[in-house]
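Down below is the structure, laid out as structure tokens.
The values are calculated or read from the model by the stated rules, or taken from the named source; none is laboratory data. Model, not experiment: these values are computed from the prediction. Positions of Cβ are backbone-derived with ideal geometry, glycine not excepted, and every protein chain shown enters the neighbour counts. Heads up: the accessible areas ignore ligands, DNA and RNA and are worked out on the full protein's heavy atoms, side chains in. Shrake-Rupley method; radii C 1.70, N 1.55, O 1.52, S 1.80 Å.
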Amino acid sequence: MPLTPLTACTALSAVSLAAWLWLLLGRGFYWRTDVRLPDRRDPARWPAVAVVVPARDEADVLPDCLGSLLALDYPGPAEVFLVDDGSTDGTGDLARSLADHPPPRVGRSGLPLTVTSPGEPEPGWTGKLWAVRHGVALARSRMPELEYLLLTDADIVHRRDSLRELVRAAHRDGPDLVSLLARLRVATTWERLTVPAFVYFFAQLYPFRRVNRPAARTAAAAGGCALLRDAAARRAGYPESVRGAVIDDVALAKAVRDSGGTLWLGLGDRVRSVRAYPRLRDVRAMVERSAYPQLRRNPLLLLGAVAGLLLLYAVPPAALVAGPVVGSHWVAGAGALAWALMAVSYLPVLRYYGQPSRASLLLPATAALYLVWTVGSAVRYRRGHGAPWKGRGYTPRPGTA
């Protein structure tokens, strides 16, 4: 049968529609937003927790983040270790001043704070993981009774009960790694267009329900807020085992699972990010830093990702337009139905972020931006210098994410 425009359009629209039907029903219901921390009882004894915060050039958001950590309402022993990762904006000095003069809402009854700096990372280490290594080692030396590590970024603000609820979910027979995808900031036009889609694509790639199955092969975590059992960290060799990983949260989850640990990943209403992405190039920098490492820097996986994005997000609107041109109502109808399924699957995330339902129709345009940024990420890494982030270029070692 000769390949004509009609047969090509028919085949592509049929495959795209079938793919969307499978995604909605067979991909772990990734589009739902009801995976939240399980409600569990208080432990008989609250375990000791070290809060490790790597920070690089975070002076603009640090007062909110660090203030929220110092004000955590936790009944057990807990200390905060902020590790200054070579900041040039006075992050370390600001953190020390907050230690000496806590915000009024914290007072002198807040959690103890230690501020330190490990210097420049050794070869083979990313700056963030070098800082985490230093913070974890310091916490273990200072807290011999240590049972948990709360790994949290310097742009994450916690509610007062955040640590209490995380420990309730993880203690005793709970997961070894409990992580929350913080509620990201959605304030500017570009944030409204791209941030909900980022969460949607992340859940599509790592369906939370699949991650949370004990025997599942899918491993992922949200590095902005992750409670890790120290014994599991030691079994996994963390952070040394993932020292060169750009996508350190997913690498951590894989290391924990490969060493026999269990995972839990969900959305977190008790934690929110105050990181701002006011301009489109700010979002692009964030995506380009991690997109190609996410594909294991493999050109074949890149080609597959590009083909998949085109099939899922470009074909439906294209089929809707091309149907009348090739004289096929079926092609137009399949394109319209696939686009409708796409939009419906996006609605829960939009509602989670308080965005209007009509924004779901813009998902193909947003996906096109992410496709361009993914290719841009590959170009940067293939040229050998990675995508710069806060003055650093990241070029991961072979075999790391």
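The table below lists the values:
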item: Test: residue in the stretch 168-178 that is within 18 Å of the chain's Cα centre (by Cα) and closer than 23 Å to Arg289 by Cα; result: no
item: Looking only at the stretch 16-28, and only at residues there that are open to solvent by less than 80 Å² (accessible area, probe 1.4 Å) and in contact (Cβ under 8 Å) with a residue 60 or more places away in the chain, the one that is farthest from Ala334 (Cα to Cα); result: Gly28
item: In the stretch 189-213, the residues that are aromatic (Phe, Trp, Tyr) and either at pLDDT below 95 or open to solvent by 30 Å² or more (accessible area, probe 1.4 Å) (or both); result: Trp190, Phe198, Phe201, Phe202
item: Residues of the stretch 332-389 satisfying the condition of being of a type in the set (Phe, Trp, Tyr), at pLDDT below 95 and in contact with a Phe, Trp or Tyr (Cβ under 7 Å, 6 or more places away or on another chain); result: Tyr381
item: Unique residue being among the β-branched types (Val, Ile, Thr), surrounded by fewer than 22 Cβ atoms within 10 Å (Cβ to Cβ) and either in contact (Cβ under 8 Å) with a residue 12 or more places away in the chain or not in a strand (DSSP E or B) (or both) when the list is Val178, Val186, Val167; result: Val186
item: Wholly enclosed helices (runs of 4 or more DSSP H) of the stretch 29-145 bearing at least 1 residues open to solvent by 30 Å² or more (accessible area, probe 1.4 Å) and among the basic types (Lys, Arg); result: 91-100, 127-142
item: Test: residue in the stretch 7-27 that is over 17 Å from Leu151 (Cα atoms), of a type in the set (A, V, I, L, M), under 21 Å from the mean Cα position of the chain (by Cα) and in a loop (DSSP other than H, G, I, E, B); result: no
item: So Ala322, is it at pLDDT 95 or above and either open to solvent by less than 30 Å² (accessible area, probe 1.4 Å) or of a type in the set (Lys, Arg) (or both); result: yes
item: Number of positions in the stretch 278-316 that are assigned to a loop (DSSP other than H, G, I, E, B) and crowded, with 18+ Cβ neighbours inside 10 Å; result: 2
item: Among residues of the stretch 134-172, those that are of a type in the set (Asp, Glu) and farther than 18 Å from Leu265 by Cβ, counted; result: 4
item: Residue under evaluation Gly260, criteria (1) at positive phi; (2) open to solvent by less than 30 Å² (accessible area, probe 1.4 Å), criterion not met; result: (2)
item: Sole exception among (1) assigned to a helix (DSSP H, G or I); (2) out of contact with any helix residue (DSSP H, G or I) (no Cβ under 9 Å at 6 or more places or on another chain); (3) of a type outside the set (Val, Ile, Thr) for Ala319, by number; result: (2)
item: Complete set of residues in the stretch 214-248 that are part of a loop (DSSP other than H, G, I, E, B) and of a type outside the set (Gly, Ala, Ser); result: Pro214, Arg217, Thr218, Tyr238, Pro239, Arg243, Val246, Ile247
item: Verdict on Ala251 being free of Cβ contacts under 8 Å to residues at least 40 places away in the same chain, assigned to a helix (DSSP H, G or I), under 18 Å from the mean Cα position of the chain (by Cα) and within 21 Å of Arg209 (Cα to Cα); result: no
item: Cβ pairs under 7 Å, 6+ apart, first in the stretch 262-278 and closer than 18 Å to Phe202 by Cα and of a type in the set (Val, Ile, Thr), second at pLDDT below 95 and open to solvent by 30 Å² or more (accessible area, probe 1.4 Å); result: none
item: Positions within the stretch 146-164 being more than 27 Å from Leu350 (Cα to Cα), part of a strand (DSSP E or B) and open to solvent by 10 Å² or more (accessible area, probe 1.4 Å), in sequence order; result: Leu146, Glu147, Leu151
item: Residue tally, condition among the basic types (Lys, Arg) and open to solvent by 50 Å² or more (accessible area, probe 1.4 Å), over the stretch 263-277; result: 2
item: Filtered residues of the stretch 118-171 (kept if at pLDDT below 95 and either of a type in the set (Phe, Trp, Tyr) or on the phi > 0 side of the Ramachandran plot (or both)); result: Gly119, Gly124, Trp125
